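Accompanying notes for the structure given below.
The values are calculated or read from the model by the stated rules, or taken from the named source; none is laboratory data. What you are looking at is a predicted structure, and each value in this text was computed from that prediction instead of being measured. Please note: Cβ atoms are built from the backbone with ideal geometry, for glycine as well, and neighbour counts cover all protein chains shown. Remember, those area values only see protein heavy atoms, side chains included, never the ligands or the DNA or RNA. Shrake-Rupley method; radii C 1.70, N 1.55, O 1.52, S 1.80 Å.
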Amino acid sequence: MIFSANITVDPSQLTQIHKVEPTGLFKKVLFNLTKGLVADQEEHETFTAVSILQQLNGTFSNLGIDNIVRLSHDDIDFYLDTEGKKGDLQEAFDSYDLKIDESMSTVFNRLNLVLEHEARSIYYLIEIDINRTHKVGEYPIEIKVNGLLSEFKADNQDTADDLKNKMDAIFKNQDSYNAFQLKKEAEFKQFTGELKMAIMRNIRVDDVRVVHKKKLVASQSKVTNRKEYQPTQPTGGYYEPVFYPYFGVLDMLFYTSIWSSMMHDNHIQINDVDVLNDSGELLQSIGDEGLDTADLNVFDEEIPYDEAVTDLETTAGDMMTTEVAGDESSWFDFGGDSDFGGGDFDMGGFD
């Protein structure tokens, strides 16, 4: 079980709308024919890298979060903790200030921060993406929060059986499982609520949105001990921060490879949960109706993974959720500042 939250933040900044040449072939033709009147749009935030980091520093300090794992500027790492140092947030920010000049602070596309924090019984990995340039209507700051159960942290000597013994009481029956999950979920949501309030106190914002999810991991191979545990490296990038091989995170993550099989063996009912592979990629979303995990072969250690994944969509059936695209403008939708009667000419239907 992994608890997850996605927090998006719209800071109260001046935003400039820039026209950019479209990528679709038909749009490109119209862009050239209309001398740029038909164009895609991007929002450019006016905040500087230094100013937004200063505001975030206040946010984290208020919550007692002072451990940073990574700080990168346009995919260049200015700080990467490979030793598990503690209390290094200010050190990383000071180093960043020394290394960049005014032009780099003003002109950038993306800042990325990864922080870790442990409170009560949950270990948090927090990834912050700050996009100065983004699509119109999207929020420039996205924060992914993953929560792992720190009481099941493993070391290289721990085996799967060791963790099963520690977790056995949770899966004694459905009531035991439900009580444990509700308690940890409440703790996680309390933390994300405090994080939201700290953001609103330290950054002038127009809006902050929070979406929570519970996630289960279907391991691609049976692992019998922590020493051998190594999640599959994804080809399309890491979908959740906890699956990136940051220092010490695998010790926290190992139990998730066992958790789902214990649910399966004990016929635990689940609902409103995402099923991921062990690199964090979404395999299936289970809806409110729920199901018995004993019916999910992907959690059965005795069934080959490829066979089980093929069977997953059929087993989940109507519980699979499909992302529905939002309403798109007609291709004869003219926007605000075009000479065609007002506005941008949206050729979205021809991409």
Amide proton proximity set for Gly290, modelled H, under 5 Å, gap of 5+
Asp272
Going highest first, how would you order 60-71, 171-182 by mean Cβ packing within 10 Å?
60-71, 171-182
Apply the Karplus curve 6.51 cos²θ - 1.76 cosθ + 1.60, θ = phi - 60°, to the phi angles in the range 146-162 and return the couplings in whole Hz, x for Gly and Pro.
10, x, 10, 7, 5, 5, 10, 4, 10, 10, 4, 8, 6, 10, 4, 5, 4
Beyond 25 Å (Cα-Cα) in this structure, taken from Lys99/Lys196; Lys153/Lys196; Lys144/Lys166; Lys144/Lys215, we find Lys99/Lys196; Lys153/Lys196; Lys144/Lys166
Whole-Å distance linking the alpha carbon centroid of the range 241-289 with that of the range 87-122 is 29 Å
Counting only heavy atoms of protein chains, what accessible area per residue, in Å², does the range 2-318 have with a probe of 1.4 Å?
47 Å²
Please list 189-195, 283-289 highest first by mean number of surrounding beta-carbon atoms within 10 Å per residue.
189-195, 283-289
For Asn62 and Gln190, calculate 0.36 nm times their separation in residues minus their Cα-Cα distance, and state this gained length in nm to one decimal.
44.6 nm
For Asp94 and Ser51, calculate 0.36 nm times their separation in residues minus their Cα-Cα distance, and state this gained length in nm to one decimal.
14.2 nm
Could you give me D for the range 178-257, from Stokes-Einstein at 20 °C and 1.002 mPa s, where the hydrodynamic radius is the Kirkwood radius over C-alpha pairs? Units µm² s⁻¹, please.
137 µm²/s
Extended-chain gain in nm, criterion 0.36 nm per residue less alpha-carbon gap, His267 and Ala179:
30.1 nm
Any residue on another chain or 5+ positions along whose placed amide H is under 5 Å from the amide H of Arg110 is listed here as Asp74, Arg132
On the first, second and third principal axes, largest extent first, how far apart are the outermost C-alpha atoms of the range 2-318 in Å?
64, 49, 32
